[in-house]
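**Student:** Before we start, here is the structure in question, set down as structure tokens.
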Amino acid sequence: MVVSPDETGVSRAIFYSSLMGVPMGIFYRHRDYATHVDGEHPIKEIRFLGEQINHRDVLIIDDMINSGKTMVDTATIMKENGARDIYCIAPFGLFTEGIGRMQEAVNKKIIKQVLCTNLIYRQPDLLNAPWYVDVNMTPFIARLIDAINLDESLGELVNPSCKISDLLSQIRIGELFE
């Protein structure tokens, strides 16, 4: 199952769940917009919209992991509702407050793995964490630069469905969750 931790990532979750042919879910965070606490509107209620989670592997996908709070909170709710293995993926793993929160979630067996790209600086403790997978984007970025220098079309290079379809044709879907 592919899950978006909030309503801002719905299109991303729809794309990946459609591509992999698995169910999708989303967390709706009902905020109190009349109140401001520490620069944010507090969450009144969190609702999960989607199929039953029981005994499913879950892929939580977001645009970035800042402090890790959203991923850990989402994974905790999923685990409490019967999820099996939970994987968190985001292109940018900032971990602005360190990896402690995520490490604790891994230690409690809430989260199995976290995957982020090498498109930003990653702290050595993150890179050394056994649960962290660093996805190397260097060949892709090099190819983009090469295409720009050769005045080639970037259409197919930046179209994620082409790249993902190529990848999925090379591996079995089940291998992604082993």
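The values are calculated or read from the model by the stated rules, or taken from the named source; none is laboratory data. None of the values given here were measured: they were computed from a predicted structure. Positions of Cβ are backbone-derived with ideal geometry, glycine not excepted, and every protein chain shown enters the neighbour counts. For the accessible areas, the whole protein counts, side chains as well, though only heavy atoms, and no ligand, DNA or RNA atoms are used. Shrake-Rupley method; radii C 1.70, N 1.55, O 1.52, S 1.80 Å.
**Student:** Quick check on the stretch 31-178: of the DSSP beta bridges with both residues there, what percent are antiparallel, nearest 5%?
**Tutor:** The antiparallel fraction comes to roughly 10 percent.
**Student:** Right, next: Could you tell me the ratio Rg/Rh of the stretch 31-178? Both radii from Cα atoms, Rh via Kirkwood.
**Tutor:** Ratio of gyration radius to Kirkwood radius: 1.02.
**Student:** Determine how large the accessible area of residue 138 is when every protein chain is in place; take a 1.4 Å probe and give Å² rounded to the nearest 10.
**Tutor:** Number for this one is 80 Å².
**Student:** Here's something else I'd like to know. Quick check for you: with a 1.4 Å probe and neighbouring chains kept, what is the accessible area per residue of the chain, in Å²?
**Tutor:** Value for the chain: 58 Å² per residue.
**Student:** Got a number for carbon plus sulfur as a percent of the stretch 15-136's accessible area, 1.4 Å probe?
**Tutor:** Of all accessible area on the stretch 15-136, carbon and sulfur atoms account for 51 percent.
**Student:** Rounded to the nearest 20 Debye, what is the dipole magnitude of the stretch 22-103 about its Cα centre when Lys and Arg each give +1 and Asp and Glu each give -1 at the C-beta?
**Tutor:** 160
**Student:** While we're here: Heavy atoms only, probe 1.4 angstrom, no DNA, RNA or ligands counted: give me 29, 122 ranked by accessible area, highest first.
**Tutor:** 122, 29
**Student:** Oh, and also: Could you size up the charge dipole of the chain around its Cα centre, putting +1 on the beta carbon of Lys and Arg and -1 on that of Asp and Glu, and report it in debye to the nearest 20?
**Tutor:** So the dipole magnitude of the chain works out to roughly 500 debye.
**Student:** Now for a different question. Within 10 Å of each candidate Cβ there may be at most 12 other Cβ atoms; applying that plus a DSSP loop requirement, which GluC sites (Glu not before Pro) in the stretch 1-73 survive?
**Tutor:** Sites meeting the loop and neighbour criteria: 51.
**Student:** What does the accessible area of residue 166 come to, in Å² to the nearest 10, when a probe of 1.4 Å is used?
**Tutor:** It works out to around 90 Å².
**Student:** Counting Lys +1, Arg +1, Asp -1, Glu -1, what net charge surrounds residue 129 among other residues with beta carbon under 13 Å of its beta carbon?
**Tutor:** Local net charge: 0.
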